[in-house]
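Below: the structure, in structure tokens.
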Amino acid sequence: MKLPVDFYSRDTITVAKELLGKLLVRNINGNKLVGKIVEVEAYLGPIDKACHSYNFRRTQRNEVMYGPPGIAYVYFIYGMYYCLNFVTEKEGMPCAVLIRALEPIEGFDIMALNRFGKTYSELTKSQKRNLTNGPGKLCRAFNIDKALNGHSLLSDEIYVLDNQEDFEIVAGKRIGIDYAEEAKDFEWRFFIKGNPYVSKGK
DNA sequence: GTACTGATATGCT
DNA sequence: GCATATCAGTACC
């Protein structure tokens, strides 16, 4: 079943940890894509220098982080890539969980076409491994763009399914935010130990 | 495998 | 002007 709004309205770090192993589902013109969430990062806006919404900074781009929980925050970075986040906590608290990596479960050919313009069986080994193992990559594979910014995660186009599995969660420092001073040492990145689709530091 | 570079929207100074 | 929650291509080992 789809995760309810109550799942997202809790503490951001709790939500981040519990999102691991859940299934992200994306419907595009009747084509279904499914990926298991294997790596996330928590972004606690008000106290987090790495976050777009640090100290309640509010811009057109991060506006949806101030909205209700259970919606997608999709932003454009480096002029080329999208990143997918899930908005958490109460409305007015600009916090989110960045989805950093997925393990492909269903819809391999669609993902391969979105990423490389080839069917899955035509991909090289490294291309298969690189399908969804990074925030920008999974957005291309799942055809996620600005159209989904502010979109509900309980909609038909994109949603998250509950899933129970046994695995070990590893906490680590976040990636790509060395500029964030003390916030860069917060261990707010979580991933599934040993999963080959984790972007770094398996 | 690591090291460097370029792509360039958005928000900051 | 300048930096960034990134990735792919190239040049090396």
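Odds and ends about this structure:
- The H on the amide N of A:LYS49, modeled in the peptide plane, is under 5 Å from the matching H of A:ALA183, each at least 5 residues off or on a different chain.
- Distribution of pairwise C-alpha distances over segment A:1-119, 10 Å bins, in %: 14, 42, 32, 12, 1
- Segment A:115-185 - Rg over Rh from alpha carbon coordinates, Kirkwood radius: 1.04
- For segment A:5-192, size of Cβ-based charge dipole, Lys and Arg +1, Asp and Glu -1, in debye: 680 debye
- Listed from fewest to most Cβ neighbours within 10 Å, the set A:LEU161, A:LEU113 follows the order A:LEU161, A:LEU113.
- Counting only Cα atoms, segment A:1-69 measures 40, 27, 21 Å along its principal axes, largest extent leading.
- Fewest-first sequence of A:PHE190, A:PHE7, A:PHE108 by Cβ atoms within 10 Å of each Cβ: A:PHE108, A:PHE7, A:PHE190
- Amide H contacts under 5 Å for A:TYR73: A:ASN85, A:PHE86, A:VAL87, A:GLY150, restricted to partners 5 or more places along the chain or on a different chain, H placed in the peptide plane at 1.01 Å from N.
- Highest average packing first - A:72-80, A:121-129, A:98-106, Cβ atoms within 10 Å: A:98-106, A:72-80, A:121-129
- Considering all C-alpha pairs of chain A, those separated by over 28 Å amount to 20%.
Every number in this text was worked out from the coordinates using simple rules, so none of it is lab data. Predicted model, so just to flag it, every value in this text is computed and none were measured. Reconstructed Cβ throughout: ideal geometry from the backbone, glycine too, with neighbour counts over all protein chains shown.
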